1. Which count do you get for residues in the range 52-67 that are open to solvent by 80 Å² or more (accessible area, probe 1.4 Å) and under 13 Å from the mean Cα position of the chain (by Cα)?
2. Of these, Leu70, Leu39, Leu96, Leu88, which one is under 24 Å from the mean Cα position of the chain (by Cα) and open to solvent by 80 Å² or more (accessible area, probe 1.4 Å)?
3. Return the pairs, sorted by first residue and then second, in which the second residue is assigned to a helix (DSSP H, G or I) and open to solvent by 60 Å² or more (accessible area, probe 1.4 Å), the first residue lies in the range 30-59 and is over 29 Å from Ser19 (Cβ atoms) and of a type in the set (A, V, I, L, M), the beta carbons are less than 9 Å apart, and the residues are 6+ apart or on different chains.
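The values are calculated or read from the model by the stated rules, or taken from the named source; none is laboratory data. In this text the structure is predicted, and so the values were computed from the model without any measurement. Please note: Cβ atoms are built from the backbone with ideal geometry, for glycine as well, and neighbour counts cover all protein chains shown. These accessible areas exclude ligands, DNA and RNA; they are computed on the full protein's heavy atoms, side chains included. Shrake-Rupley method; radii C 1.70, N 1.55, O 1.52, S 1.80 Å.
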Amino acid sequence: MSNKLKINIVIAGRTYPLSVNNTKEEEGMRKAASAINKLISMYEQNYAVSDKQDVLAMSALQFASKLEILSLDKNDTKKEELEKLNELTKLVNAHLE
């Protein structure tokens with residue numbers, strides 16, 4: 001038998017029943033829903049948007065692009081770190097020879 005928690009999340013005025021594994025996951029879902037709803041409100045206030053689907057699409061794009069940008073930044077940082085480690089390794093090897 002599953003010990004999943006049943007919760008209701010409201011996004012753009014619609015309620016979505018969900019099952020989560022624990023209270024930490026519930027908190028994450030509720031924070032995500034809150035962030036989405038704030039972004040929806042911002043788009044509705046600042047742009048002439050009549051269709052909720054447009055606002056949801058713009059919100060999804062903003063969240064997805066932030067994730068992708070973070071991922072690209074991490075990859076760039078990893079490349080820089082590897083290059084520096086390789087340089088240090090070469091210096092140590094040269095010193096030991």
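1. Total meeting the criteria: 3.
2. Every option except Leu70 fails the conditions.
3. Val49/Met58
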